[in-house]
Amino acid sequence: MANKEKLFSEFQAPTTQEWLDKIEVDLKGADFQKRLVWRTNEGFNVQPFYRREDLKDLKAVDSLPGEFPFVRGNKKDNNLWFVRQDIQVEDAKAANAKALDILNKGVDSLGFQIAGKDVSKELIATLLDGILPQYVELNFKTCQRHCVELAEILVAYFKEKGYPMADLKGSINYDPVGKILCKGKDTTAVLEFAKPLIEALKELPGYRCINVNSVSLNNAGAYIYQELGYALAWGAEYLNILTEAGIDATEAAKRIKFNMGVSENYFMEIAKFRAARLLWAQIVKQYEPKCDCACQMHVCAITSEYNQTLFDSYVNLLRSQTETMSAAIANVDSIVVTPFDKPYEQPTEFAERIARNQQLLLKEEAHFDKLVDVSGGSYTIEHLTDAIAQEGWKLFLAVEEAGGFLAEALKGNITNAVNASNDKRHAAAATRREFILGTNQFPNFTETSDGKQPMGCACCCATATNETAELPVLNKERMASEFETLRLSTEKAQKQPIAFMLTIGNLAMRQARAQFSCNFLAAAGYKVMDNLGFKTVEEGVDAALAAGADIVVICSSDDEYAEYAIPAFQYLNGRAMFVVAGAPACSEDLKAAGIENFIHVKSNQLETLRAYNAKLGI
């Protein structure tokens with residue numbers, strides 16, 4: 001018999017305390033909590049490492065895929081999801097042609113957006129011509145008051161064609177409560193269509209028609225725990241409405257679908273979807289459904305628009321790719337990838353093709369569809385799942401105690417809370433506490449807009465809507481929008497401002513501060529000019545003026561500013577704006593000499609650049 005030796009048996013596993021002791025040594029006196037512990041927006045701390053012992057009290061860790069409470073997914077033997085693309089139906093023939101084309105390019109889920117006035121038998125017959133619904137998930141969105149009519153037309157069409165009704169999968173996006181948040185109007189009267197809609201779809205058991213569109217919260221800048229907690233309360237509100245209307249709890253739960261956003265916080269988003277399934281299963285269980293399958297949460301994940309940018313827009317591909325990976329690893333049911341060019345144009349055929357391929361790559365090359373809950377057992381993911389679940393549950397309970405989601409929505413409390421988060425995130429972006437790659441951090445120095453303009457500016461939309469709205473509306477102004485407005489205004493100026501780096505003194509400090517200043521000022525669309533260094537401040541100022549500089553940024557070490565800054569400022573003598581890169585100890589002396597402008601890591605970048613534009617007459 002072969003001698004079986006346990007690998008690494010001669011090594012003694014270090015304890016958690018031994019790890020911590022080693023870290024303390026490596027930190028060389030730096031504060032462990034400040035340097036390595038991450039305080040999330042969700043209100044809990046994330047440690048730099050986790051061990052098996054950290055999971056000993058987590059009950060959900062012992063669950064299996066495809067089994068209650070479904071934290072590890074609804075499926076047992078694969079991680080297949082629908083690759084979905086939405087189509088705006090303006091002409092039924094054209095929409096049908098597009099649908100048939102993309103079905104041959106990897107899509108297996110279609111979303112049709114139809115104007116209420118256009119809903120008709122003829123339109124559906126034309127729209128679905130040549131599409132076999134038993135092989136494709138079909139999703140429809142129309143005016144809330146036309147949803148029942150649409151359902152009846154679909155049932156009649158499928159029956160007439162002889163399709164296997166029990167095998168058909170799809171949805172109708174009926175969500176009056178969502179309209180309260182997005183339109184600011186009391187749409188509770190439309191809730192009376194919920195029961196007739198479910199009854200109209202009784203022959204299509206695979207069609208979900210009561211939708212929770214928490215993606216709207218995501219696109220309005222909601223924090224992860226907010227989207228989770230509000231989505232649960234939103235779904236519970238519909239469960240209450242349906243059961244009170246006399247619909248069986250099992251049937252009601254099986255008709256609810258969640259359309260959730262997914263943002264760039266990779267591990268947190270994986271955990272969010274796992275926590276969502278866990279908590280939703282617990283909520284539905286309280287209604288005593290006839291089977292555990294009714295407790296499954298069905299999710300369509302849609303990559304966020306909130307963090308997309310107009311400038312350096314190809315970075316949007318990186319954002320949406322990690323978001324898609326989060327959703328796929330988290331075992332969602334379908335995914336919509338938002339095209340990278342959506343912030344500034346109607347997505348092109350190229351952008352839509354890339355968006356499709358982002359999912360197909362994960363399936364065909366990375367094989368994400370083959371493994372069930374690949375994140376299961378990861379100490380970090382399991383901890384995040386539990387922590388996010390706790391914070392989301394707290395918010396859910398708070399909403400329930402306040403009277404439920406509908407009551408809170410009608411009071412404006414949901415909208416106001418999300419808009420407050422949006423304001424905080426804009427403020428964080430302004431001070432670079434929240435980075436937007438290519439916008440407030442590492443902008444492309446030479447990029448211009450090439451005529452691109454923001455599509456449907458959220459701030460303008462909100463203002464226009466508020467004129468007729470009865471309630472506050474969600475502000476979907478993207479996080480980068482204020483920087484984009486600033487940069488676009490700079491582009492329209494008669495002359496592109498030139499920011500010249502007057503680098504002098506300590507080599508390491510001048511290079512670091514010049515790089516920081518170039519990134520800081522290029523975010524406004526200024527032309528930045530870095531330099532290798534000057535022997536005297538006079539030489540540097542002369543070079544700046546010869547280059548036509550509008551802004552001269554002195555870059556040196558804190559100690560050397562006492563020697564160089566005032567002479568440089570005096571020699572420049574108002575011929576250009578003078579800026580000191582940093583916050584040296586001698587700042588008060590510099591200010592006393594008339595120097596007003598300082599940029600450093602604690603500066604409010606957005607407000608500083610707005611002030612500079614004003615001084616430059618932009």
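Measuring nothing but protein heavy atoms, the accessible surface of the range 354-512 at 1.4 Å probe radius is 56 percent carbon and sulfur. Along its principal axes, the range 534-578 has C-alpha extents of 29, 19, 14 angstrom, given from the largest down.
Accessible area per residue for the chain is 45 Å², calculated with a 1.4 Å probe on protein heavy atoms, without ligands, DNA or RNA.
With a 1.4 Å probe rolled over the protein heavy atoms of all chains, the accessible area of ARG277, ARG145 falls in the order ARG145, ARG277, largest first. Ranking of HIS600, HIS367 by solvent-accessible surface, largest first: HIS367, HIS600 (1.4 Å probe, protein heavy atoms only, all chains present).
Based on the Cα atoms of the range 400-531, what semi-axes does the equivalent ellipsoid have, where each is the square root of 5 times one gyration tensor eigenvalue, given in whole Å with the largest first?
Values: eigenvalues 310, 72, 15 Å².
Taking √(5λ) for each eigenvalue gives 39, 19, 9 Å, largest first.
Over all distinct Cα-Cα pairs of the range 326-433, the Kirkwood formula returns a hydrodynamic radius of 17.8 Å. Once all protein chains are placed together, LYS75 keeps about 60 Å² accessible to a 1.4 angstrom probe.
Evaluate E = 1/(1 + (r/R0)^6) for THR16 and ALA508, where r is the Cβ-Cβ distance and R0 equals 22 Å; express this FRET efficiency to the nearest 0.05. Intermediate results must be reported in sequence, preceding the final value.
Working: r = 38 Å, r/R0 = 1.71.
Once the sixth-power term is evaluated, E becomes 0.05.
The order of the peptides 371-381, 213-223, 152-162 by mean Cβ neighbours within 10 Å, most packed first, is 213-223, 371-381, 152-162.
Using a probe of 1.4 Å on the protein chains alone, the accessible area found for ASP129 is around 90 Å². For the range 135-268, the share of accessible area belonging to carbon and sulfur comes to 50 percent (1.4 Å probe, ligands and nucleic acids excluded). Excluding same-chain neighbours fewer than eight residues apart, the lysines reachable from LYS121 by a Cα-Cα span under 17 Å are LYS93, LYS141, LYS159, LYS161. Here the contact order of the chain, divided by its residue count and restricted to Cα pairs under 8 Å and six or more residues apart, works out to 13 percent. Of all aspartates and glutamates in the structure, those lying under 20 Å Cα to Cα from LYS183, and not within fewer than 8 positions of it along the same chain, are ASP175, GLU192, GLU227, GLU237, GLU305, GLU408, ASP423, GLU467, GLU470, GLU477.
Taking the C-alpha atoms only, the angle from helix 605-615 to the longest principal axis of the chain is near 60 degrees.
Extension gain, ALA245 to GLU364, is 38.3 nm, computed as 0.36 nm per intervening residue step minus the present C-alpha separation. Here LEU27 sits with roughly 30 square angstrom of accessible surface, probe radius 1.4 Å. Applying the criteria of a DSSP loop state and at most 11 other Cβ atoms within 10 Å to the GluC sites (Glu not before Pro) of the range 64-127 yields GLU90. At 1.002 mPa s and 20 °C, plugging the Kirkwood radius over alpha-carbon pairs of the range 124-184 into Stokes-Einstein gives what diffusion coefficient in µm²/s? The estimated diffusion coefficient comes to 167 µm²/s.
Extents of the range 253-300, taken as max minus min of Cα coordinates on every principal axis and listed largest first, are 37, 17, 12 Å.
Given the pairs LYS535/LYS591; LYS394/LYS452; LYS28/LYS535, which are separated by over 32 angstrom at their Cα positions?
Working: LYS535/LYS591 24 Å; LYS394/LYS452 43 Å; LYS28/LYS535 36 Å.
Long pairs (Cα-Cα over 32 Å): LYS394/LYS452; LYS28/LYS535.
Under conditions of 20 °C and 1.002 mPa s, the range 164-256 yields 154 µm² s⁻¹ as its translational diffusion coefficient, taking Rh as the Kirkwood radius over Cα pairs in the Stokes-Einstein equation. What lysines does LYS22 reach when the alpha-carbon gap must be under 21 Å and sequence neighbours fewer than 8 apart in one chain are set aside? The reachable lysines, counting only those whose Cα sits under 21 Å from LYS22, are LYS34. Against the main long axis of the alpha-carbon atoms of the chain, helix 537-546 sits at an angle near 60°. Take every DSSP beta bridge whose two residues both sit in the chain; close to 5 percent of them are antiparallel. Placing a label point 7 Å from the Cα of ASP589 along the Cα-to-Cβ direction, the residues of the range 530-557 whose backbone N falls under 19 Å of that point are 537-538, 554-557.
Rg/Rh for the chain (Cα atoms only, Rh after Kirkwood) is 1.04. Could you point to the residue in ALA115, VAL190, ALA95 farthest towards the positive end of the range 72-193's charge dipole, with +1 and -1 charges on the Cβ of Lys/Arg and Asp/Glu respectively? Farthest along the dipole direction, towards plus: VAL190. Within the range 521-618, the proportion of Cα pairs with more than 18 Å between them is 44 percent.
The values are calculated or read from the model by the stated rules, or taken from the named source; none is laboratory data. Everything numeric here is computed off the predicted structure, so don't read it as measured data. We place every Cβ from the backbone using ideal geometry, glycine too, and count neighbours over all the protein chains shown. We work out accessible area using only protein heavy atoms, side chains counted, and drop any ligands, DNA or RNA first. Shrake-Rupley method; radii C 1.70, N 1.55, O 1.52, S 1.80 Å.
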